[in-house]
Structures are given as C-alpha cells and as structure tokens.
Amino acid sequence: MIYPKKNSIFERFFQLFVTYQLKKQFYRIHLHIEGLPKDKKILLIANHSSWWDGLVTFYLNNAVLKTDLYAMMSEQGMKDFPFFQRIGAFSVNAASPKHTVESLRFASKLLEEKKAVLIFPQGKEEHLEKRPLTFSEGPAFLLKKHSDVEVIPITYYYTFRHDQRPELFIWIGQAVFYDSAKAREEITNTLSGAVTAQLDHQKQKIIHENDEEFTVLLKGKKTLSEWLTWWKAKVKE
C-alpha cells in the first residue's frame, strides 16, 4: 500500500497550479451547497466520471470545505501520478482483497482521528450518464465501524452549454441518513441511491437552465468568442 505523505508547502503551490489549470480548461465552475461538513468524522462520497474529479475535489476542499482531507486512489493512479501522495492520497488495489482491507483500515484510522476521507465508490471512471451508479461496499465497511460518521454526497456534472469551453456544476448535498445496523449491501444501496438522486436532480436543473441555486465558484479565462465580441465592440466605437 502507498501511504500519504502530506506536504503543506507543496499543497499551497499545487493549489495555485490547479487553479490555473481549471481556469484554463473550464469556462465556469458553479457550486451549490446544501450543507457544509461539521467538526466531526466526515466521509465524502462522489460520483466519478472524469479525470478531473480528484483535482477538482482538492481545489474545492482548499477553497470551500477546508478540511484535513485524505483521498482513496487507485494504486496504479498513484504510481502514474506520485505527486498525489503529497496532497493526501493513499492507494487501494481493488484486485487484491488483502490490500483493499488494508486501505479501508487506514481510512478507518483517519476517520477515528477526525480527518476527512474522500472515496469514489464507483471505483473507476464511468460515463456521466451511466445508470445505475454501481458502488463498492468500501464506504459501508467504514460506516459499520463508525456509526457517527457524517456522509456528505458530492456530485460533479460536466457539460457544454453556450460557450467554447465546458462548464462544471458541483452540488454538495445534505448528510446522508444511514442505519449502521443494516447489512453492508443495504447501506451501499442507500448511499448509491442518494448520490444518484442528487446527480439526476442536478442534471435536470442544468438541462432546463435552472441554475439560480448555483453560484460561480471559479471563472475561467476569456474564450475566443468573448475576445471577438470585445474586438467587435471596440471597432464600432
């Protein structure tokens, strides 16, 4: 297993780098918050449809959530991008039950220390529109051990609208109610259902351009169409 080696100086510089990249790649990043995590054991669960999800969560945590965040990441991903280790990632190898249990035990230790833990329960990137969202039982394993954990669902919806670059809509939902006395399969279904319902609700708002509940978290760099519009206005002056 690959353990995290957080480095606060690296995190500060990396936040600047991620912010620059997000501004470069996205026209706007929008945010809606139903509830912020409180000072307790926090498990963040999110849908996983894009390579950007991990970096966006890192940015979101530093800009909004401000928790001491650790994230479960595939072992191969950490080998490919070892810098994630320095921002709080730790590995999981889903092909090895032994390694998976080791990773979950480490996550359990982090929760006990009141660290925030992020898990993408789908375990891999899947198409944004794929239904149902299939979750692993990893989060349920943790909730059976920690009945006092606050589970916060985060959903990411990437889309093109009226501009040259894509936009991202982020929804941070209310804590999910679960019964830790239930079987892991039932808890998993509860979590999957909550994230799916939130994502579909968010999708409908975006499709119908009903975005008044969102605020702009980050504005990207000007697009070519905006520069052309500006130039056209200047020529007419």
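The values are calculated or read from the model by the stated rules, or taken from the named source; none is laboratory data. Predicted, not measured: the structure shown is a model, and the values here were computed from it. Cβ placement follows ideal geometry from the backbone for every residue including glycine, while neighbour counts extend to all protein chains displayed. Side chains included, ligands, DNA and RNA excluded: accessible areas come from the protein's heavy atoms. Shrake-Rupley method; radii C 1.70, N 1.55, O 1.52, S 1.80 Å.
Considering (1) surrounded by 12 or more Cβ atoms within 10 Å (Cβ to Cβ); (2) in a helix (DSSP H, G or I); (3) modelled with pLDDT of 95 or more, say which one Gln204 fails and leave the rest.
That leaves (1) as the condition not met.
Could you list all residues from region 94-114 that are in contact (Cβ under 8 Å) with a residue 60 or more places away in the chain and assigned to a loop (DSSP other than H, G, I, E, B)? Break it down stepwise before answering.
Looking only at region 94-114, we keep the residues that are in contact (Cβ under 8 Å) with a residue 60 or more places away in the chain, and these are 99, 102-103, 106, 111-112, 114.
Of everything in region 94-114, just one residue is in contact (Cβ under 8 Å) with a residue 60 or more places away in the chain and assigned to a loop (DSSP other than H, G, I, E, B), namely Lys114.
Mind checking which residues of region 69-101 are buried (at least 16 other Cβ atoms within 10 Å of the Cβ) and either charged (D, E, K, R) or in contact with a His (Cβ under 6 Å, 6 or more places away or on another chain) (or both)?
Glu75, Arg86, Asn93 - these are the residues of region 69-101 that are buried (at least 16 other Cβ atoms within 10 Å of the Cβ) and either charged (D, E, K, R) or in contact with a His (Cβ under 6 Å, 6 or more places away or on another chain) (or both).
Among the listed residues Lys66, Lys38, identify the single one that is surrounded by fewer than 18 Cβ atoms within 10 Å (Cβ to Cβ) and more than 15 Å from the chain's Cα centre (by Cα).
Within the list Lys66, Lys38, the selection yields Lys38.
Within region 171-189, track down each residue that is in contact with a strand residue (DSSP E or B) (Cβ under 9 Å, 6 or more places away or on another chain) and more than 13 Å from Ile154 (Cα to Cα).
Phe177, Tyr178
State all residues of region 135-171 that are of a type in the set (Ser, Thr, Tyr), surrounded by fewer than 17 Cβ atoms within 10 Å (Cβ to Cβ) and in contact with a helix residue (DSSP H, G or I) (Cβ under 7 Å, 6 or more places away or on another chain); if no residue qualifies, say none.
Matches in region 135-171: Thr159 only.
If I ask for residues that are modelled with pLDDT of 95 or more and in a loop (DSSP other than H, G, I, E, B), which ones from region 36-50 would you list?
Result: Asn47, His48, Ser49, Ser50.
For region 94-105, which positions are modelled with pLDDT of 95 or more and within 20 Å of the chain's Cα centre (by Cα)?
Answer for region 94-105, where residues must be modelled with pLDDT of 95 or more and within 20 Å of the chain's Cα centre (by Cα): Ser103, Leu104.
With respect to Gln174, is the statement that it is under 30 Å from Phe17 (Cβ atoms) and surrounded by 12 or more Cβ atoms within 10 Å (Cβ to Cβ) true?
Details: under 30 Å from Phe17 (Cβ atoms): no; surrounded by 12 or more Cβ atoms within 10 Å (Cβ to Cβ): yes.
Considered against the rule, which asks whether it is under 30 Å from Phe17 (Cβ atoms) and surrounded by 12 or more Cβ atoms within 10 Å (Cβ to Cβ), Gln174 comes out as no.
Considering region 134-165 alone, what residues qualify as being within 22 Å of Pro97 (Cα to Cα) and either outside any helix (DSSP H, G or I) or without any contact (Cβ under 8 Å) to a residue 12 or more places away in the chain (or both)? Don't jump to the end; show me each part of the working.
Step one: list which residues in region 134-165 are within 22 Å of Pro97 (Cα to Cα), which gives 134-146.
Hits for region 134-165 are Thr134, Phe135, Ser136, Glu137, His146.
Does Thr229 satisfy being modelled with pLDDT of 95 or more, among the β-branched types (Val, Ile, Thr) and not in a loop (DSSP other than H, G, I, E, B)?
So Thr229 does not fit the description; no.
Given the residues Leu16, Leu31, Leu55, which is the only one that is more than 15 Å from Gln202 (Cβ to Cβ), open to solvent by less than 50 Å² (accessible area, probe 1.4 Å) and outside any loop (DSSP other than H, G, I, E, B)?
Just a single option satisfies the conditions, and that option is Leu55.
If you go through region 10-31, how many residues are of a type outside the set (A, V, I, L, M, F, W, C) and touching a helix residue (DSSP H, G or I) at 6+ places or on another chain (Cβ under 8 Å)?
We begin by selecting, within region 10-31, every residue of a type outside the set (A, V, I, L, M, F, W, C); these are 11-12, 15, 19-21, 23-25, 27-28, 30.
Narrowing the set further to residues that are touching a helix residue (DSSP H, G or I) at 6+ places or on another chain (Cβ under 8 Å) leaves 11, 15, 19, 21.
Matching residues across region 10-31 total 4.
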